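Colleague: Please see the structure below; I have some questions.
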Amino acid sequence: MSVRILTFVFASVLAGVVAAGAQTSPAKPAPAKVPAAAAKPGQTSPGAGPVVVVETEKGTFEFETYPNEAPKTVAHILGLINKRFYNGQRVHRVVPGFVIQMGDPATRDMTKQAMWGSGGSGTSIGVAEISKTRTHVRGAVAMAHAGDAAKADSQFYVTLAEVHRLDPDYTVFGKIISGMDVVMKIAQTDRIVRVTVRGAK
């Protein structure tokens, strides 16, 4: 896969951010400790919104959303889910101990693998909803972008460990509440069977 490199300087950390075409992913961190505490599977936290259910060939995981902190981001993602945008896509990036990433419609075509990571829905969110309340804990769900959080579109990632140095630059709009064991097993090119909103008709 072809990539281009963007470099960001955080307050005390110099980290490269690997960009694939129009969208990118946060830079790979140094090994981070995994927090011991975790929410009970399936239970949402105070202030959480709709729960997204992601069915993959490795199993199912769920994440709660945070419309109070990231209303436009959550509305944008839920809108794509309602259009079945993510169904049949594949996970295009896996960095063990860091993130898994999905959301590029080109991943439905194995012959376009060299382009994976560059696509989206064609409509950006238009605002950066970065919050000090919702941070990059293990299992955080956040929007990928190519340098401007307001231009994030459809690609999102799940953190496999705490990565708080990403907090100032990426919008966290959700967190895994069940199936983290499934997330940990997912490999690059694994297929996303369908993505739905819990309880939606």
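Derivation of every value follows stated rules applied to the coordinates shown; laboratory data play no part. None of the values given here were measured: they were computed from a predicted structure. Neighbour counts run over all protein chains shown; Cβ positions are idealised from the backbone, glycine included.
Colleague: Show me, for the stretch 191-196, the HN-Hα J-couplings you get by feeding each phi into the Karplus relation (A = 6.51, B = -1.76, C = 1.60, θ = phi - 60°), rounded to Hz, glycine and proline as x.
Modeller: Result, ordered by residue: 8, 8, 5, 7, 10, 9 Hz.
Colleague: Hey, another quick one. Could you check how many percent of all C-alpha pairs in the stretch 43-127 are farther apart than 19 Å?
Modeller: 48 percent
Colleague: Place a point 7 Å from the Cα of ALA150 along the Cα-to-Cβ direction; which residues of the stretch 109-127 have their backbone N under 13 Å from it?
Modeller: Under 13 Å, as judged by backbone N against the label point of ALA150, lie 124-127 of the stretch 109-127.
Colleague: Give the peptides 112-122, 152-162 in descending order of average Cβ contacts within 10 Å, highest first.
Modeller: Order by mean packing, descending: 152-162, 112-122.
Colleague: Loop only per DSSP, at most 10 neighbouring Cβ atoms within 10 Å: give me the trypsin sites (Lys or Arg not before Pro) in the stretch 117-170, ordered by residue number. Write out the running numbers ahead of the final one.
Modeller: Numbers: sites: LYS132, ARG134, ARG138, LYS151, ARG165; in loops: LYS132, ARG134, ARG138.
Answer in residue order: LYS132.
Colleague: In addition: When the label point is put 7 Å from the Cα of LYS132 along its Cα-to-beta-carbon vector, which residues of the stretch 68-92 have a backbone N closer than 17 Å?
Modeller: 69-70
Colleague: What ranking, highest mean first, results for peptides 66-75, 178-187, 95-104 when packing means the other Cβ atoms within 10 Å averaged over each residue?
Modeller: On the way: 66-75: 19.5, 178-187: 17.5, 95-104: 22.0.
So the order, starting with the most tightly packed, is 95-104, 66-75, 178-187.
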